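Encoded as structure tokens, the structure appears first; notes follow it.
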Amino acid sequence: MEQEMFDVYSFPLLSTEFCRRVRNLIRRTVSDGEKEEFKHLNLGRRPVDLDTVGLGWVNDLLFHLVIRPLSQLLFTETEKFQGLDWRQGYIAGYSVNPSAPAATPRQRLVSHTDDSEVTLNIGLGDEFEGGALHFRGLRGTDEEGRLLGEFKPQLGTALLHAGRHLHEVTPVTSGDRYAFIIWARSWKSLRNTTCPCCWLNRKQGSTCVCGPRWN
């Protein structure tokens, strides 16, 4: 394991063959989703949720065997959460020529934080140029918004980072880029007192649909 920058760690995780199989499965699934009977699912027009396509067991394995134990070792001093107890896993695709049928609806992704306490981000390939990850500091710290470093995705290599670490995907300039993302959350921490959507969008006040006005 390597510490790429503050609160961002990398390590080899998935084999080349496993990555290839997941890519091909997602492409076939999204291609089938273009059929009239499945178009209402919007497969390929947004990240592909693995629970939806029958791969929730992969999310569970990585959540329990990788994310939870490593997070207890790596983030106890910087991220104040009381144990991770929920996950969402999906495949995000990017391309120089964005295409829903290829499950690559984007060329880039602007700077953002995740709806998670901890994020696992695994490079799935394929062959591409560009598409680097830029990290811009932890939200709520003096370094927020400042470029701290760049990581170029590597096939089968995982990044584990704090969800509140601002990051972006630079434009893909050739080929297709796929990433396997798992968001891990703790419902006993921030989400016990704060609406995740309001926190992500920096909203304050009593107008939140999760607030007492609407419940």
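Count charges around Ser71 for me, please; just the other residues with Cβ under 13 Å from its Cβ, Lys/Arg as +1, Asp/Glu as -1.
In short, -1.
Out of Gly131, Gly123, Gly175, any idea which swings most in a Gaussian network model of the chain, alpha carbons joined below 10 Å?
Fluctuation is largest for Gly175.
Can you compute the charge dipole magnitude of the stretch 1-127 about its Cα centre, using +1 on each Lys and Arg Cβ and -1 on each Asp and Glu Cβ, nothing else charged? Give it in debye, rounded to the nearest 20.
For the stretch 1-127, the charge dipole is close to 480 debye.
Run through the DSSP bridge list for the chain and note the antiparallel percent, rounded to the nearest 5.
Antiparallel: roughly 95 percent of the beta bridges in the chain.
Rank by packing, highest mean first: peptides 166-173, 96-103, 31-38, with packing defined as the count of other Cβ atoms within 10 Å averaged across residues.
The densest-packed peptide leads the list: 166-173, 96-103, 31-38.
Between His161, His112, His64, where does the largest GNM mean-square fluctuation fall for the chain, given springs only between Cα atoms within less than 10 Å?
His64
Carbon and sulfur: what percent of the chain's accessible surface (1.4 Å probe)?
On the chain, the fraction of accessible area on carbon and sulfur atoms equals 51 percent.
Can you give the accessible area per residue of the chain, in Å², using a 1.4 Å probe?
On the way: 11150 Å² over 215 residues.
With the other protein chains kept in place, the chain gives 52 Å² per residue.
If I histogram all Cα-Cα distances within the stretch 5-70 using bins 5 Å wide from 0, what percent of pairs lands in each bin?
The calculated distribution, bin by bin, is 3, 13, 19, 20, 17, 13, 8, 4, 1, 0.
Can you tell me which of Ala158, Ala132, Ala184 moves the most in a GNM of the chain? Springs connect C-alpha atoms under 10 Å apart.
Of the options given, Ala132 has the highest mean-square fluctuation.
What does the charge count near Phe128 come to, summing +1 for each Lys or Arg and -1 for each Asp or Glu among other residues with Cβ under 14 Å from its Cβ?
Net of charged neighbours comes to +1.
About its Cα centre, what dipole magnitude does the chain give when the only charges are +1 on Lys and Arg Cβ and -1 on Asp and Glu Cβ, stated in debye to the nearest 20?
Once rounded to the nearest 20, the dipole reads 600 debye.
What percentages, rounded to whole numbers, describe P(r) for the stretch 1-148 computed over all alpha carbon pairs with 10 Å bin width beginning at zero?
Pairs per bin, as whole percents: 9, 34, 37, 17, 3, 0.
The values are calculated or read from the model by the stated rules, or taken from the named source; none is laboratory data. Model, not experiment: these values are computed from the prediction. No Cβ is skipped: glycine too gets one built from the backbone with ideal geometry, and neighbour counts run over all protein chains shown. When the accessible area is computed, the model is the full protein with side chains, heavy atoms only, and any ligands, DNA or RNA have been set aside. Shrake-Rupley method; radii C 1.70, N 1.55, O 1.52, S 1.80 Å.
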